[in-house]
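Report on one structure; see the data block that follows.
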Amino acid sequence: MSGLRRTAAAMALAVAAATLSTAVTGAAPAAAALPTAAVALGDSFISGEGAGAYQPVVDSAGVAQGFPGWTAPNSNAFFCHRSANASLHRATLPGIQDRFNLACSGGQPHDIAAASSARASGRQVAAQLDQLRAVARTHDIDVVLIGLGSNNSSFTFGGVAEKCANRFIADAWTGWWEFWAYLNGPVEQKPCSDADLATAAQLSAATAETTAAVRQILTTLREVDADGQHRVVLQDYTNPLPLELEGSYHSEDSRDDTRDKFRALGAERYAAGCPIHRASLAPGHRFSQGLGTIVRSSRDTLAAEFPGADLVYLNVQRAFDGARLCENSNSPTGTLATPIRLMDNPPNGTFVTSLSGKDKIAIQRIANTCVTYFQTCQESWHPNAAGHQVLGQCLSGAATTAARSVSCVRASNGTISVS
């Protein structure tokens, strides 16, 4: 009997071993790792506005929209202007397999959680959070680039640029009594002040909006990212204009912009890409610094709320030093920003590179085109393809740094450093 018991015990062990072996070999294979992705969210400085090579954009109905023609509604998804030359696509991002540009030119904090078409002047694209969730279903998101703050419910970058450029052109071409009679009423003819661009109260409101939108992004990432590990880079803005114009743009035919009726000077600065009063430049740079404060404040607030989050503030305000519009005498050649460029007679798509010899009625007609078809002038005063290449280098540094706050600076020899 003892032998039988030993035999039975051996058989039981053999059966158990066989069962275990079957269980192990029959177990489902481990899930394959998702491909890694970098994602861009935000507005025009992130989407690639000004860089050309714009790609089709899927609208809120799921239809990919290619270039619809200059006279199509500006709400068309294509005018998000997602460029193949955007900084996301130009950055060196080790370990990243795929890149998704979800930003949209003109984007506001509102557009993060809601379809932008739900607000006035918004484009027909889904909420950026919905687009982010779609990426997370197929990819492990490791890098997120965010650019928010320049457009909000208080002010927009485009509105600020239009205001200051129009004031200069009005001052150059019209008398005090003419007031752009054929446009939308009077246009002031004095330089922009700080209060004309953004008041302290408006900057504070914009900070609250931006922080709330980034909070929504971080919350969503925590819910959908495959491994919970991702670096979030919050980039601010660089001014396309210098603190002072190169000397050759100060006056023309013995007239400068402190005197009424200086059309030759107006035409010269327009051709160079910088139709702006010299006195507007310093307020413009303080406005850019204010945008940087919005982004920095949002980062600091959310770092305290999300102590485990990998958040980096990327300051790019000096990334275009020495290569801004009208900073050198050959502008816009060799610059990193797009000049102010209006279009005449759409749908032909004829960009006006010179206002020389045009009277105020012609100027009026050209300005009206931008008002009616904003897409014809929305590239103005944005980073060009070379500028987005530089911003890509800035992102490369921010994506790999151990610091929580870095500045991207262009040296006089063109070298870009991030520290």
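Just so it is clear, none of the values below were taken in a lab; they were calculated from the coordinates. The structure presented is a predicted model; accordingly, all values stated were derived computationally and were not measured. Note that each Cβ is placed from the backbone with ideal geometry, even for glycine, and that neighbours are counted across all protein chains shown.
Applying the Karplus parametrisation 6.51 cos²θ - 1.76 cosθ + 1.60 with θ = phi - 60° to the phi angles of the stretch 44-54, what ³J(HN,Hα) value in whole Hz is obtained for each residue in order, glycine and proline being reported as x?
Residue by residue, the stretch 44-54 yields 5, 5, 9, 5, x, 3, x, 9, x, 6, 6 Hz.
What angle do you read, to the nearest 10 degrees and between 0 and 90, between the alpha-carbon axis of helix 2-25 and the longest principal axis of the chain?
10
Enumerate the calculated ³J(HN,Hα) couplings along the stretch 188-205 in order (Karplus 6.51 cos²θ - 1.76 cosθ + 1.60, θ = phi - 60°), each rounded to whole Hz, writing x wherever the residue is Gly or Pro.
Karplus values, whole Hz, x for Gly and Pro: 4, 10, 10, x, 6, 9, 4, 5, 5, 8, 6, 7, 4, 5, 5, 5, 5, 5.
Tell me the relative contact order for the stretch 34-418 as a rounded percent, counting alpha carbon contacts under 8 Å between residues six or more apart.
Taking the mean separation of contacting Cα pairs over the length of the stretch 34-418, I get 21 percent.
Counting only residues 5 or more places away or on other chains, whose amide H sits under 5 Å from the amide H of V144 once H atoms are built in the peptide plane?
V39, R231, V232, V233
Rounding to the nearest 10 and keeping the result within 0 to 90°, find how far the Cα-based axis of helix 360-372 lies from the longest principal axis of the chain.
On a 0 to 90 degree scale, this one is about 20.
Helix 385-400 versus the longest principal axis of the chain: what is the Cα-based angle in degrees, 0 to 90, to the nearest 10?
40
For V352, which sequence-distant residues (separation of 5 or more, or a different chain) have an amide H within less than 5 Å of its own amide H, given hydrogens modelled in the peptide plane?
Answer set, sorted by chain and number: L342, M343, D344.
Restricting things to Cα coordinates, could you compute the convex hull volume per residue of the chain in Å³?
Convex hull of Cα atoms, per residue: 163 Å³.
Please identify the cysteines of the chain that lack any partner cysteine with a Cβ under 4.7 Å from their own Cβ.
Here no cysteine comes out as lacking a disulfide-compatible partner, given the Cβ-Cβ threshold of under 4.7 Å.
Classify the stretch 298-419 as rounded, prolate or oblate, taking a ≥ b ≥ c as the square roots of the eigenvalues of its Cα gyration tensor: rounded when a/c is under 1.5, otherwise prolate if a/b is larger than b/c and oblate if not.
prolate
How would the stretch 162-303 be classified by its alpha-carbon gyration tensor: rounded, prolate or oblate, with rounded meaning a/c under 1.5 and the a/b versus b/c comparison settling the rest?
Judged from the Cα gyration tensor, the stretch 162-303 comes out prolate (a/c at least 1.5, a/b above b/c).
Tell me which residues come under 5 Å, amide H to amide H, from A319 once H is placed; ignore anything under 5 positions away on its chain.
Residues meeting the amide H criterion: R410.
Can you compute the charge dipole magnitude of the stretch 34-418 about its Cα centre, using +1 on each Lys and Arg Cβ and -1 on each Asp and Glu Cβ, nothing else charged? Give it in debye, rounded to the nearest 20.
For the stretch 34-418, the charge dipole is close to 140 debye.
Using θ = phi - 60° and the Karplus relation 6.51 cos²θ - 1.76 cosθ + 1.60, list the HN-Hα couplings for the stretch 55-65 in order, rounded to whole Hz, with x at every Gly or Pro.
9, x, 10, 6, 7, 5, 8, x, 9, 6, 9
What ranking of D225, D142, D253 emerges when the number of other C-beta atoms within 10 Å of each C-beta is taken as an exposure proxy, fewest first?
Fewest-to-most Cβ neighbours within 10 Å comes out as D253, D225, D142.
Straight distance only, please: which aspartates and glutamates reach the Cα of K358 with their own Cα at less than 14 Å, same-chain residues fewer than 8 apart left out?
Leaving aside aspartates and glutamates fewer than 8 places away in the same chain, those within reach of K358 are E268, D344.
When the helices in the chain are scored as -39500 (n - 2.57) per DSSP H run of 4 or longer and the sum is shared across all residues, what 222 nm value do you end up with, to the nearest 500 deg cm²/dmol?
Per the formula, -11500 deg cm²/dmol.
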